[in-house]
Amino acid sequence: MVEPADADAKQLAERLLAGDRRALARAITLVENGDPAGWLVLRSVYPRTGATAVVGFTGPPGAGKSTLLAALTGLERAAGRSVAVLSVDPSSPASHGALLGDRIRLADHFLDDGVFIRSMASRGALGGLSEAALYALLLMDASGRDLVLLETVGVGQAEVDVATHADTVVLVLMPGAGDSIQALKAGIMEIPDVIVVNKSDHVQAEATVRELKAALALGGLRDGWQVPVLRTCATTGEGVEELRATLLDHHRDAQVSGTLAQRRRGRLRMAVLGLAALELRRRFEAAIDQDPEVEHLLEQVAARELDPASAARALLATLDARARPS
Ligand SMILES: Nc1nc2c(ncn2[C@@H]2O[C@H](COP(=O)(O)OP(=O)(O)OP(=O)(O)O)[C@@H](O)[C@H]2O)c(=O)[nH]1
Ligand SMILES: [Mg+2]
């Protein structure tokens, strides 16, 4: 007999695979909330993922990521291709409609069926935003979008984690972005696949491009690919065609060299290990919850009779002993 939840998930999965936007939105919400139905959907659509290229845009606030993404989306639509956009903001506690319109700058595309837009902010479910973003990207991929664009705001570790979900990472800077260039030079900032100096209408644009190229002259190769520095003006669309061509180039290059498969393998591996670790932690917490022996160990640590590392070892030894069949 088929469980009702199973049947519902199956139907949702079928609608999602057929390209239904509402089904996609619903599935993302389910997975984001850690709802078991979301996992059922993901399970049935997963074999149909892997065909879509994911391009990630990262960079300091206000550099023009969203505007650039909107311009690129316009070109993709003109070429008859469908697009999904995921905007992730690890620094914001929640993001809803109002913020979405303001931040994503895709107002022109809101009514277009060929463009699916979603935003996500920090939340606890599933162990983290980075994981939630990965599953959202997989669902977008399964829904048959020709291209998936990912925007992450900021340049901290959380943003870097999210950016690694992309097949191609684009770093968007603006003219005079001295701090970012220093960070690149010092190796603090991960080398992206493509660097874009946006706001090329700004007087300092040319100097910034030159400085970046000089910085990349040493160590500008990433997985055998020479990282290009492009100039764009997202508001007028200048340079966006070139960016689009470069993204296609990078995708082809990564496909041929094997880095695409390698990166994807790497992130799926992280996803599996992350989920297993999460489950392990859940089981561990359930196992020690209000356990008198554990409480006793903790008391001993508080009373300075036992050091924390020895207590942790004793705790694991107790659990191991219990798990062993007698
Ligand atoms: N002059 C000029 N302004 C631009 C250009 N691209 C974007 N802007 C403006 O810069 C501001 C920030 O653009 P966004 O696209 O929101 O930047 P963002 O990087 O997505 O910003 P966050 O999502 O807040 O990190 C907006 O007012 C844009 O209109 C450009 O090429 N030239
Ligand atoms: Mg933005």
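What follows is calculated from the coordinates using simple rules that are stated; it is not laboratory data. Keep in mind that what you see is a predicted model, and the values were worked out from it rather than measured. Here the Cβ is made from the backbone with ideal geometry for all residues, glycine too, and neighbour counts use every protein chain on show.
Ranking of 191, 28 by neighbouring Cβ atoms within 10 Å, starting from the fewest: 191, 28. Structural descriptor for the chain: relative contact order 18 percent, calculated from alpha carbon pairs under 8 angstrom and at least 6 residues apart.
Largest mean-square fluctuation among 22, 252, 281, in a Gaussian network model of the chain whose springs join Cα atoms under 10 Å apart, belongs to 281. Semi-axis lengths, largest first, of the ellipsoid equivalent to the chain are 40, 27, 18 Å, with √(5λ) applied to each eigenvalue of the Cα gyration tensor. Within the chain, antiparallel bridges make up roughly 10 percent of the DSSP beta bridges whose residues both belong there. Extension gain for the segment residue 207 to residue 304, taken as residue separation times 0.36 nm less the Cα-Cα distance, is 28.8 nm to one decimal. For the chain, the Cβ-based charge dipole about the Cα centre amounts to some 620 debye (Lys, Arg positive; Asp, Glu negative; other atoms uncharged). The angle separating the long axis of helix 129-142 from the principal Cα axis of greatest extent in the chain is about 60 degrees. Between the helical axis of 36-45 and the dominant principal axis of the chain, each derived from Cα atoms, what acute angle in degrees is found, rounded to the nearest 10? That helix lies at roughly 50 degrees to the long axis. Highest mobility in the GNM of the chain, judged by mean-square fluctuation with C-alpha springs under 10 Å and restricted to 224, 128, 74, is found for 224. Spacing of the modelled spin labels on residue 21 and residue 276, each 7 Å from Cα toward Cβ, amounts to 4.0 nm. Each peptide in 59-72, 32-45 was scored by the mean count of other Cβ atoms within 10 Å over its residues; highest first, the order is 59-72, 32-45.
Farthest toward the positive end of the dipole of the chain, out of 229, 63, 183, is the Cα of 229, where the dipole comes from beta carbon charges about the Cα centre. Considering the chain as a Gaussian network with a 10 Å cut-off on Cα pairs, which listed residue, 113, 201, 146, attains the greatest mean-square fluctuation? Evaluated over the chain, the most mobile residue of the options is 113.
Relative to the longest principal axis of the Cα atoms of the chain, helix 292-302 runs at roughly 70 degrees. Ranked by how many other Cβ atoms sit within 10 Å of their own Cβ, fewest first, the residues 284, 116, 57 fall in the order 284, 116, 57. Over the residues of the chain, the helix contribution to mean residue ellipticity at 222 nm works out to -17000 deg cm²/dmol, using -39500 (n - 2.57) for each DSSP H run of at least 4. The calculated FRET efficiency for the pair residue 312 and residue 6, based on their C-beta separation and a Förster distance of 45 Å, comes to about 0.65.
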